[in-house]
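Following: one structure in structure tokens, then a few remarks.
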Amino acid sequence: MPGWVLWVVAMCAFGIGEMLTAGFFLAPFAFGAGAAAIVDVAGAPELAAALVFVFVSIATLGFVRPIALRHMKVPPAIRTGAAALVGKQAVVLERIVNHEGLGCVRIDGEVWTARSLDDDVEIEPGKRVEVVQIKGATALVAE
């Protein structure tokens with residue numbers, strides 16, 4: 001069996017191993033095995049292919065892994081605008097009755113038109129509700 005085939009098999013094994021694990025640890029070895037396969041196909045001796053594997057693997061592990069780890073640890077997106085109101089508590093100011101088109105709540109000091117998430121539920125003034133969704137200028141709320 002030609003040497004390049006073994007390097008391709010090793011590259012696939014490292015690639016599959018990387019997909020099954022986290023941390024970008026096996027991928028550099030997959031890159032090294034791919035580079036070694038290219039060198040082997042070019043007709044270089046086996047020792048040259050092995051040295052290319054070691055060099056490319058170490059270089060990728062040392063230079064690319066820290067960059068990949070920084071990108072994997074992206075902080076969660078900050079919710080702004082109306083999306084930031086989802087999950088907040090609100091106080092019902094005006095009785096919420098969906099079939100009559102009535103309802104008003106105060107969310108963080110702002111007055112919003114409101115509808116109940118469940119069409120059959122009427123919510124009386126003074127009750128605390130949770131904002132489930134914002135649709136346009138209307139808050140969908142649930143008790």
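The values are calculated or read from the model by the stated rules, or taken from the named source; none is laboratory data. The structure presented is a predicted model; accordingly, all values stated were derived computationally and were not measured. As a convention, Cβ positions derive from the backbone with ideal geometry for all residues, glycine included, and neighbour counts pool all protein chains shown. Surface accessibility is based on the protein's heavy atoms, side chains included, excluding ligands, DNA and RNA. Shrake-Rupley method; radii C 1.70, N 1.55, O 1.52, S 1.80 Å.
Quick one: angle between helix 27-41 and the longest Cα principal axis of the chain, in degrees between 0 and 90, rounded to 10, please.
In the chain, helix 27-41 runs at an angle near 40 degrees to the longest axis.
Any chance you could check the Cα centroid distance between region 105-143 and region 1-62 for me, in angstrom?
58 Å
Excluding Gln89 itself, calculate the net charge of residues whose Cβ lies under 15 Å from the Cβ of Gln89, where each Lys or Arg counts +1 and each Asp or Glu counts -1.
0
From the Cα trace of region 27-69, what convex hull volume per residue do you get, rounded to a whole Å³?
45 Å³
So which lysines can Lys88 reach, going by Cα to Cα under 26 Å and dropping same-chain residues fewer than 8 places off?
Cross-link targets: Lys127, Lys135.
Of all beta bridges DSSP finds with both residues in region 15-143, what is the antiparallel percent, to the nearest 5?
80 percent
Which whole-Hz ³J(HN,Hα) couplings does region 98-105 yield from phi under the Karplus relation 6.51 cos²θ - 1.76 cosθ + 1.60, θ = phi - 60°, glycine and proline marked x?
For region 98-105, the Karplus curve yields 4, 6, 9, x, 9, x, 8, 10 Hz.
For Leu117, what charge total do you get from the other residues with a beta carbon under 10 Å from its beta carbon, if Lys and Arg give +1 and Asp and Glu give -1?
-3
Could you state the accessible area per residue of the chain in Å², with a 1.4 Å probe and every protein chain left in place?
62 Å²
With all protein chains present, how much of the accessible area of the chain (probe radius 1.4 Å) comes from carbon and sulfur, to the nearest whole percent?
It is 68 percent, rounded to a whole number.
Just to confirm the number: angle between the C-alpha axis of helix 3-20 and the first principal axis of the chain, 0 to 90 degrees, nearest 10?
The helix 3-20 is inclined about 20 degrees to the chain.
Could you work out how far apart the two model spin labels at Arg106 and Leu93 are, taking each label as a point 7 Å from the Cα in the direction of the beta carbon, and quote it in nm?
Each label point lies 7 Å from its Cα, and together they span 0.8 nm.
Enter the angle in degrees (range 0 to 90, nearest 10) between the Cα long axis of helix 46-72 and the first principal axis of the Cα atoms of the chain, meaning the one along which they spread out most.
So the inclination is approximately 20 degrees.
How many Å³ per residue does the convex hull of the Cα positions in the chain occupy?
168 Å³
Label Val54 and Glu143 with points 7 Å out from Cα along Cα→Cβ: what is the distance between them in nm?
Going from the Val54 label point to the Glu143 one covers 7.3 nm.
Give me the net charge of Ala142's neighbourhood, meaning all other residues with Cβ under 10 Å from the Cβ of Ala142; Lys, Arg count +1, Asp, Glu -1.
Neighbour charge sum, excluding Ala142 itself: -3.
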